[in-house]
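Q: Quick one: the structure is below, and I'll ask about it shortly.
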Amino acid sequence: MKEAHWIFCPLCGGKTRLKIREDTVLKNLPIYCPKCKQETLVSVKSLDLSIIEEPDAKTQSR
């Protein structure tokens, strides 16, 4: 059986409720941190976690 690792919050470093294995591939996964109460969009490949930065919504002007 492959070893599982916890995903830690990229903002505060707290442990989230998700575990990943070495062969896990995730794309555009929103993770929620119960410690800092923030949601972050991440991608995971080969235990390498990368944060996806989304541009802020811009207000429409007339």
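Q: Give me, ordered by chain and number, the residues 5 or more places off Thr24 or on other chains with an amide H under 5 Å from its own placed amide H.
A: Ser46, Leu47
Q: Between Asn28 and Lys2, how high is the FRET efficiency from 1/(1 + (r/R0)^6) when r is the Cβ-Cβ distance and R₀ = 25 Å? Nearest 0.05.
A: 0.60
A short reminder: the numbers here are calculations on the coordinates, not readings from a lab. Keep in mind the model is a prediction, meaning the values are calculated, not measured. Note that we place each Cβ from the backbone using ideal geometry, even for glycine, and neighbour counts take in every protein chain shown.
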